[in-house]
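Colleague: Shown below is the structure under consideration.
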Amino acid sequence: DLIVDDERTSNTVAALKQGILDNLFYVVGKRVEVATDLDHFTALAYTVRDRILARWLTTREDYAKHNVRTVYYLSAEFLMGPYLANNLLNLGIEDVIRQAVAELDLDLNHLIGRESEPGLGNGGLGRLAACYLDSLATLGVPAMGYGIRYEFGMFHQAIRDGWQVEMTDYWLRYGNPWEIRRPQACVEVGFGGHTQSWADSFGEYKVLWSPNEIVKGVPFDTPILGYRSGVANTLRLWRSEANESFYFDRFNSGDYEGAVGAKVFAENISKVLYPNDEEIRGKELRLQQQYFFTSCSLQDMIRRHETAGHSLENFHEQCTVQLNDTHPSIGVAELMRLLVDIHGFDWDKAWEITSHTFNYTNHTLLPEALERWPLRIFGLLLPRHLELIYEINARFLTIVRAKFPNDEARVARMSIIDEHGERYVRMAYLACVGSSHINGVAKLHTELLKSDVLHDFYELWPEKFINVTNGVTPRRWLAVSNPEQSELMTSKIGLGWIGDLDQLSQLERYAEDSTFRSEWRGVQHAVKVRLAQYIAEKTGVSVDPSSMFDAQVKRIHEYKRQHLNVLYILTQYYRLKKDPTLEISPRTFLFGGKAAPGYFMAKLIIKLITSVAEVVNNDPEVNRQLKVVFLPDYNVTFGQLVYPAADLSEQISTAGKEASGTGNMKFAMNGALTIGTLDGANIEIRDAVGHENFFLFGLTAAEVAARKAAGYHPHQIYESNGALREVIDGIGSGRFSRGDGSLFRPLVDSLLNSDPYLLFADYQSYVDCQDRVCKMYRDPEAWSRMSIYNAARMGQFSSDRSIRDYCKDIWNITRFEIGAGV
Ligand code: 26V
């Protein structure tokens, strides 16, 4: 089913070799004798891209022919990870490429490792967007991802003296062979300035916005291949550049400073990705970024719609826009501006189009993470949009008053403008008002949105609310990252599972087959050896591949409770110190994750992990049974190494705090068992794999709420639990910080005095559960049986299933003309 464009891009080994050599010479500009690994990688990437282009263009033509509804996925983040290995798998040319590369005396795996990853996201939200693009292309859904081409992505993390140090991520240093700049499709975006209004000759109210600054948005397109679907969709990322005429006007009129200032302003916008931080409110640049990419994308959609010969009146019939969190929710006001001010629609028609275009996905329940912009900043940057939001809000509150008469408290609670003290624009409310559907990302999360965070909106519009549980792509997270397990599975059930993960259920019968279980263990061991080698290279720590690999990799946050994991490690440490003959299953505790640069407590948690690692790893009384490793600079590439190697997956957030989690799915698919709370998608994973194959502990979300309501006193738990007291006193005394009793004081005091994430309440339950894990690991047959059931029952957590849910329940896409379809 490969599309052979011509002789030049055929997939014979000879043609591929020639392609690599040609690209090395003509594109990279190097002779083979002096080419570096990086040169070879680049030449290879171009060779692969050459084989994508024909289907990329064909896909566009096919969509146009079928005149289908298009999904536009708007996201401030796309955490794509390296492309090469994934593109080879999806094209189905890995074997021939491997041979072609070998005949050039090169090693494919080594070249794959040369690719620097585009880290254009913080974590779960950005990676979810990337998995969804993979599934959209695999299913042949006409779709485009829109975002920002940050020049600097997620910072790199180094560990110095046990602390996190941030370094810039200049991922474009050696160029990016996958993208194509499309200067002819650039658009203009305005900022600041003022508005004027008048009545035109028909007596119609008109508004003109005269911005202070105008910047140019230049699209960079990257093809997104479906898995053997013949489809290549597009990820279109916008780069901000100075608008030449705007610049030269100022320059020519002698305003040199103004000219330079305009250039700096413009080029700053797509410069750097913001890390999730505690205090985003003052960050005007962040709002500039959000408006910039949202406006670029909407203008682009309108142009595409009109170029295809459609009338703007039908915009919502041809286009559906998914808002990935509130970051692009300014789009609601922007589409109104484009329709009313630029295209002359009346308000009601424009609102009908707008409110039928957008859908909103919420990704967090944490109150401090819900976006609000101070009115003053908002009005200075987007004066016209503020007027539009006032009008949207006034009409919305009329609806609220009609449905709930004499309830001004409710009106104040629901207003898009927060007027308690300093005034803010509540972006989640704008998204809710402007969207047809509002979805959470796991069952529990959606229920909590309805009962709590967006309860008033649920009472007003219950029909808008819907759940779509997250999923992850089995291509990257299983087939690419775990070739060993993939091969074993394929040898039993064939290749079908890669495009249809439900087929993994055919593995269930092998769980009771002792030969298969032993093969399963052999594979797991080989994968662990691979990780152990990497750890030795990167950190100098040697870990034993026959010990249990217990992994917690994710952003560092108090609600994710990496420090609860540490409390258990120290509990084991004290037990061993008291009784060095104690027999426990040897365990390697692996941590990875970045802390937001301004989040002091998260950085202190990293310091705690590295400090405990130093003590534990160097103590001969315990270090044969316990090892602790903090792996610096956790990212997609490293995730691909760690998910396959884990025996145990730590999903231990306070119930009710983790919207879904997606790492939990990646681990379980790869055969890890989960120790977890009833939070996010853990609940659905446990139901799917079987309660007997999941290590459950801790309070439920309802119990957490009840404990807090009743008055929670962590100090009492500390007083009454001897083991916990010993651990906390140890940390507080400086035993793990070279005698410095002040270092971890803020952490210890926070736990003793408020413990907002209830570590103490869950401590004993967690320790007991970990003890059950220990015991179970000593029975390899039982463990691998559970492991196989986990992998075999993860079909529903493929992002293909999530995308089908979105198609059916939100986007109203029922026909799949090309690609794998439903
Ligand atoms: C943002 C902020 C900003 C302010 C301070 C604390 C904080 C904490 C978290 C966030 C991120 C919010 C958006 C996000 O990344 N949510 C994640 O989305 C994933 C995909 O749906 C989901 O699996 C994760 O549970 C959820 O945390």
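Colleague: Using 0.36 nm times the number of residues separating residue 624 and residue 490, minus their current alpha carbon distance, what extension gain do you get?
Modeller: Net length gain for the segment: 44.6 nm.
Colleague: Based on other C-beta atoms within 10 Å, arrange 222, 138, 637 from fewest to most.
Modeller: 637, 222, 138
Colleague: What share of all Cα pairs of the chain, in percent, falls into each consecutive 20 Å distance bin?
Modeller: Each 20 Å bin holds this share of Cα pairs: 15, 47, 33, 6, 0.
Colleague: From the cross-link list 443/657; 443/666; 666/708; 450/666; 554/657, which pairs have alpha carbons spaced over 22 Å apart?
Modeller: Check vs 22 Å cut-off fails for 666/708; 450/666.
Colleague: Under the Karplus relation 6.51 cos²θ - 1.76 cosθ + 1.60, θ = phi - 60°, what is the ordered set of whole-Hz ³J(HN,Hα) values for the stretch 326-340, x standing for Gly and Pro?
Modeller: 7, 3, x, 6, 4, x, 4, 6, 5, 5, 4, 4, 4, 6, 7
Colleague: What distance in nm separates the two pseudo spin-label positions at residue 585 and residue 347, each 7 Å out from Cα along the beta-carbon direction?
Modeller: 6.5
Colleague: In what sequence do 594, 464, 283 fall when counting other Cβ within 10 Å, fewest first?
Modeller: By the 10 Å Cβ count, ascending: 283, 464, 594.
Colleague: In addition: Before anything else, pin down the relative contact order of the chain: Cα pairs under 8 Å, at least 6 apart, normalised by residue count, whole percent.
Modeller: Reported as a whole number, the value is 13 percent.
Colleague: Subtracting the Cα-Cα distance from 0.36 nm times the residue separation, let me have the gained length for residue 267 to residue 398 in nm, one decimal.
Modeller: 43.0 nm
Colleague: Which whole-Hz couplings ³J(HN,Hα) result when phi for each residue of the stretch 150-155 is put into the Karplus expression 6.51 cos²θ - 1.76 cosθ + 1.60, θ = phi - 60°, listed in order with x for Gly and Pro?
Modeller: Here the 3J(HN,Hα) series is 4, 6, 10, x, 3, 4 Hz.
Colleague: Can you compute the label reach from residue 745? Point 7 Å from Cα along the Cβ direction, backbone N cut-off under 18 Å, restricted to the stretch 719-734.
Modeller: Only 728-734 fall inside the zone, counting backbone N under 18 Å.
Colleague: Further question on the same structure: Enumerate the amide H contacts of residue 472 below 5 Å, restricted to partners 5 or more residues apart or on another chain; note that Pro and chain-start residues carry no placed amide H.
Modeller: When sequence neighbours closer than 5 places are left aside, the close amide H contacts are 798, 799.
Colleague: If amide H atoms are built 1.01 Å from N in the plane of the peptide, which residues on other chains or at least 5 residues away come under 5 Å of the amide H of residue 239?
Modeller: 149, 218, 220
Colleague: Which residues' amide hydrogens lie under 5 Å from the amide hydrogen of residue 152, considering only partners 5 or more residues apart or on another chain, with H built in the peptide plane?
Modeller: 272, 273
Colleague: Also, quick follow-up: If I require 27 Å or longer along the helix axis, counting alpha carbons, and a Kyte-Doolittle average no lower than -0.5, what helices from the chain are left? Use full DSSP H segments.
Modeller: The answer, listed by residue number, is 383-403.
Colleague: Set the bar at 20 Å for Cα to Cα. Now go through 30/271; 528/627; 349/403 and name every pair that lies beyond it.
Modeller: Check vs 20 Å cut-off fails for 30/271; 349/403.
Colleague: So what J values fall out for the stretch 591-597 if you push phi through Karplus, 6.51 cos²θ - 1.76 cosθ + 1.60 with θ = phi - 60°, rounded to Hz, Gly and Pro as x?
Modeller: With coefficients 6.51, -1.76 and 1.60, one gets 10, x, x, 9, 9, 4, x Hz.
Colleague: Could you calculate the contour length gain from residue 188 to residue 25, that is, 0.36 nm times the residue separation minus the distance between their Cα atoms, to one decimal place in nm?
Modeller: Using 0.36 nm per residue and subtracting the Cα-Cα distance, I get 54.9 nm.
Colleague: Would you list which aspartates and glutamates come within 13 Å of residue 775, measuring only between C-alpha atoms, while excluding same-chain residues fewer than 8 positions from it?
Modeller: Correct list for residue 775: 583.
Colleague: Looking at the chain, what % of its DSSP beta bridges pair antiparallel, to the nearest 5?
Modeller: Counting DSSP beta bridges with both partners in the chain, the antiparallel share is about 45 percent.
Colleague: For 569, 159, 438, what's the fewest-to-most ordering of other Cβ within 10 Å of each Cβ?
Modeller: 159, 569, 438
Colleague: Excluding residue 165 itself, what net charge comes from residues whose Cβ is under 13 Å from its Cβ, given Lys and Arg +1 and Asp and Glu -1?
Modeller: It works out to a net charge of +1.
All of the numbers you see were taken from the coordinates with simple rules; none came from a lab. Bear in mind that the values here come from a model prediction, so they are computed numbers and not experimental data. Glycine also receives a Cβ, built like all others from the backbone with ideal geometry; neighbour counts cover every protein chain displayed.
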